[in-house]
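Accompanying notes for the structure given below.
What follows draws every value from the coordinates through simple rules; no lab data is involved. What you see is a predicted model; the values in this text were computed from it and never measured. Glycine gets a Cβ as well: all are built from the backbone with ideal geometry, and neighbour counts include every protein chain shown.
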Amino acid sequence: MLARYAGHHAPNVRAAALAAIATYPDPAARAVVVAGLHDPVASVRAAAASAAAAGRVREAEDALFALLAKGEASAALALAGLADADLSRKIADHFGQVPEASLAACLGAILRRVDFGPDTARVEVVRALGKLTDPSATHALTDYIDATPKNPPRPSRAEAEKLVEARVGGAP
Amino acid sequence: MTRTSAAWLLAILALASCGPKPTFRLTTADNDRTALTSALAKRQVPSSPAPVNSAGKPRAFLVLSGKPPTIVAYDLDATTPLWRTPADLDSRIWVGGDFIVAREGHALVARDQTRGAVRWRVDLPGDFIGAAADRERAYATIHDGARWRLAAFDGASGKELWHADADGKLGAPVAQDGLVYSPYLSQWLGLVDGKTGEQLTRVRAREDEIAIVRATSQVAYYGSKRGLYRLDARSASGTRADSTFGRAVIPAELDRASYGRDTYDPVQVSYSAADRTRVLYAAEPIDTGAFVFASGGYAIHYFRYMLGFTSAGELRWAYSHPRVELVASDDTGAALVAISATGELVALDPKSGARLLSRALSPGGSVIGATFDADGWAPDAHDAQPAQTSAVLSGIVADRDARFDRVKELALVTLAKQPGGEVTKVLIDVLADPRAPQALKDRASDLLVVRADPDSLPVLVAQLAQRTDYIAGTEPQALPQVARSIAGLAGAALAPDRAEAALTALRAHLDAPTTQAPDLVFVIAAMVAIGHGSERPALVSHLWLNHAADELGGDPAWAQAIVHALADHGGPGEREVLRQVAADPRTKPPLASAVRDALAARSD
């Protein structure tokens, strides 16, 4: 029934159905979530992206990357939500293929996740952010430094500090 | 009448009778069968169609653009030019026995046909109306002040042999084997003895103007855009019914095509766009009845295209010249010959459209016009290429040249008469092409809807695979037309697997939130048409999903479509669903009303 409502003519009904269907482990439900990412209405796509992250719908990765390339913020957040160490590397590899602001938003959101790790993976994410010239990348690094306690010392935080210092060091 | 006015009239008549009477005048007798038969017998008609030139060789005289233009003469059986020469041309070229003639500057200039050298030059005062030539003489018509004059010149020396004046407008002359045809006041065709200048007789077509005159080595034709007469003894009747009269069925899309040069049009004294829109024809000799087209039909040269038609007007073949226009064409009786702007000589079989010849003459410039002297000629057809009519028509439809939009419509309509998925694909491609002209799309839409071709179902299903996808950036193309085309298959014997695939594809659009209500009406109708009841569960589900939705539930057309599908094509179970829907307080009023009306109209 939820799947049927995910095809309703009213976008708000579709979005609500996708939110509700998110955690169903059924493959048909996951297919509905993936299909929602192709919806022409942005709010529905955003609902599908959230559902994909919430339901950890790995089948949605390709569609989410396609949306990330189009600069969709919801896709950035969803990918960040789905990311493990391997996926975060894959995301970082999209440098040059997707808008830097979107990539920075995605990588920054990964760093904000307390369950993401190990720290070596965080270091890689920080370095990936360090390659981006968009100001939002600096903001993401700064936010990470601010949100991470100094102690115990973390190599990822230290790496972020180094990168931020290098960027703002020349500033008056 | 008063005595004074009678005196004035007598005085005017007396003045009018002074001086020589013009050859062409209003009061001459016309349509005298005996005189006409006698005049036509004066022609020295060859026993078989042959070029005018004394060598009897098929020739073409090309004019290349430039300042001055260049004439290039070709023997059509050879591949190299006979000669080339610059010439200050101010008209088309006419071919005589051993000379050609044209207006150059303000003079009529004859050139040696084998070398291109100027043979003689005669100054022509006044406006040049046109010229003509036969084996021995050149003829020219001029308008000077209030006088029109047809004059004859010796082909060898240029000496004026005679002239004949007219008190009214003369058209351009046409010569044939010792006779000169001279149109007069758009109403008469004077038959003048080329040797003496005597008007032997004249023909008047009572139902048509005479503006077009065309002569081959054996036959002459006259008429207008409205129809064509073969000049023979029956022409003396002056009526269509008792003359050898006929007309080609010229499709409205090719309405610029004419049977020949308008002898009164000063523009057509030179090569012009009118030479690119010609009906090409030959007539069978007959003693009774109407004009009979040789080879069972005719062709129309229309810019880049050559289209062959049966006498009834059915298109039977098509040729499209690549990239550039055909600037001149002729029906030799044995072949249709044409020359392109880049100098390719093309010859087609009049009946089949087979390409008998395609040869690059490489004239060394852009061809702006040409005169053929090739009556009866056809190239050796040992490597003839059959006409690729379907492919040509498809190519015409896809042509981006906006000048040919109406020709595209003709091609599309003709193509659509053929069954099969390939043609259906062409129709769909037109609908899906954002650059296709709207009129063409409208035609394609109409043709697709009425197509009812079961063999096209896989093509239609393939088209339905195109869906709204934000990531892929796609939208359905021609969904309503495709759905209507499928609906047109109601009652047709369809392979079960094909029908199943079509239903699945239609259901995808039925369930798609992006399918708009007007399109859903056609999707529902298509599902009913081929579903034989298997579509009902999907339609019931669709109804329940949307009965309370603002967009669909409130749409009367959608409501009528879904209710009709379930009430009239469904069973008791579907009608029970309708009752429940009508009773549901959330159901939108237009839908509830449609359900109640439908159920009330049924006796069960």
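Ordering A:L77, B:L578 from the fewest to the most neighbouring beta carbons within 10 Å gives A:L77, B:L578.
Estimated from helical segments only, the mean residue ellipticity of chain B at 222 nm is -8500 deg cm²/dmol, where each DSSP H run of four or more residues counts as -39500 (n - 2.57). Taking amide H positions as modeled 1.01 Å from N, with prolines and chain starts lacking one, the residues under 5 Å from B:K169 and 5 or more places away or on another chain are B:L185. Globularity index of region B:433-548 is 1.05 (Cα radius of gyration / 2.2 N^0.38 Å, N = number of residues). Taking all Cα pairs closer than 8 Å and separated by 6 or more residues, the relative contact order of region B:94-184 comes to 22 percent. Dipole of region B:341-464 computed with +1 at Lys/Arg Cβ and -1 at Asp/Glu Cβ about the Cα centre; of B:G376, B:L345, B:A439, farthest Cα towards the positive end is B:A439.
If r is the Cβ-Cβ distance from A:R113 to A:N12 and R0 is 35 Å, what FRET efficiency results, to the nearest 0.05? Rounded to the nearest 0.05, the efficiency is 0.75.
Convex hull volume of the Cα atoms of chain B, normalised per residue: 242 Å³. Put a dot 7 Å past the Cα of A:T133, heading toward its Cβ, do the same for B:A439, and the two dots end up 5.3 nm apart.
Neighbours of B:D255, meaning other residues whose beta-carbon lies under 10 angstrom from its beta-carbon, give a summed charge of +2 when Lys and Arg score +1 and Asp and Glu score -1. The calculated P(r) of region B:289-361, using every Cα pair and 5 Å bins from 0, goes 4, 18, 30, 25, 14, 7, 3, 1, 0 in percent. Calculated on C-alpha atoms, the gyration radius of region B:195-314 divided by its Kirkwood radius gives an Rg/Rh of 0.97. Applying 1/(1 + (r/R0)^6) with R0 = 56 Å to the Cβ-Cβ distance of B:D455 and B:R25 gives a FRET efficiency near 0.25. For region B:23-94, the alpha carbon positions stretch 48, 32, 13 Å along the principal axes, listed from largest to smallest. Of the two radii for the protein assembly as shown, the radius of gyration is 1.21 times the Kirkwood radius, both from the alpha carbons; that is the Rg over Rh value. Put the Cα centre of region B:114-145 next to the Cα centre of region A:22-51 and the gap is 84 Å. Label-to-label distance for B:K351 and A:A69 is 5.9 nm, based on points extended 7 Å past Cα in the beta-carbon direction.
Over the C-alpha trace of region B:79-176, radius of gyration and Dmax come out as 13.2, 48 angstrom.
Global dimensions of region B:483-604 from alpha-carbon coordinates: Rg and Dmax equal 13.7, 43 Å. The relative contact order of region B:487-604 comes to 24 percent, based on Cα pairs under 8 Å that sit 6 or more residues apart. Of the residues B:K57, B:K42, the one with the fewest other Cβ atoms within 10 Å heads the list, and the complete ranking is B:K42, B:K57. Label separation (B:D98 vs B:D584): 9.9 nm, computed from points 7 Å beyond Cα along the C-beta direction. The A:T23 and A:T148 beta-carbon pair, evaluated with R₀ = 25 Å, returns a calculated FRET efficiency of approximately 0.25. For region B:66-99, the residues whose amide N sits under 19 Å from a probe point set 7 Å from the Cα of B:A55 along the beta carbon direction are B:71-86, B:93-99. Reported value for region B:347-396: 127 Å³ per residue, from the convex hull of its C-alpha atoms. Two numbers describe the Cα atoms of region A:33-95: Rg and Dmax, which are 10.4, 31 Å.
Reported to the nearest whole Å, the Cα centre-to-centre distance from region B:34-68 to region B:461-539 is 63. Residue order for B:R323, A:R56, B:R119, B:R137, fewest other beta carbons within 10 angstrom first, comes to B:R323, A:R56, B:R119, B:R137. How far, in nm, would the chain grow between B:D380 and B:T34 when pulled straight, counting 0.36 nm per residue and subtracting the alpha carbon separation? Extra length from B:D380 to B:T34 when fully extended: 120.3 nm. Only helices enter the 222 nm calculation for chain A: every DSSP H run of n ≥ 4 contributes -39,500 (n - 2.57), and dividing by all residues gives -20500 deg cm²/dmol, rounded to 500. For region B:352-374 versus region B:385-422, the inter-centroid distance based on Cα atoms is 24 Å. Each listed q (0.16, 0.20, 0.22 Å⁻¹) maps to a log10 I(q)/I(0) for region A:38-172, found by the Debye formula over equal Cα scatterers with no solvent: -0.75, -1.10, -1.27. Scanning residues 5 or more positions from B:D32 or on other chains, those with amide H under 5 Å from its amide H are B:R202, with H placed 1.01 Å from N in the peptide plane.
Our summary gives region A:31-108 a relative contact order of 27 percent, counting only alpha carbon pairs under 8 angstrom and 6 or more residues apart. The residues packed around B:A592, meaning those with a beta-carbon under 15 Å from its beta-carbon, carry a net charge of +1 if Lys and Arg are +1 and Asp and Glu are -1.
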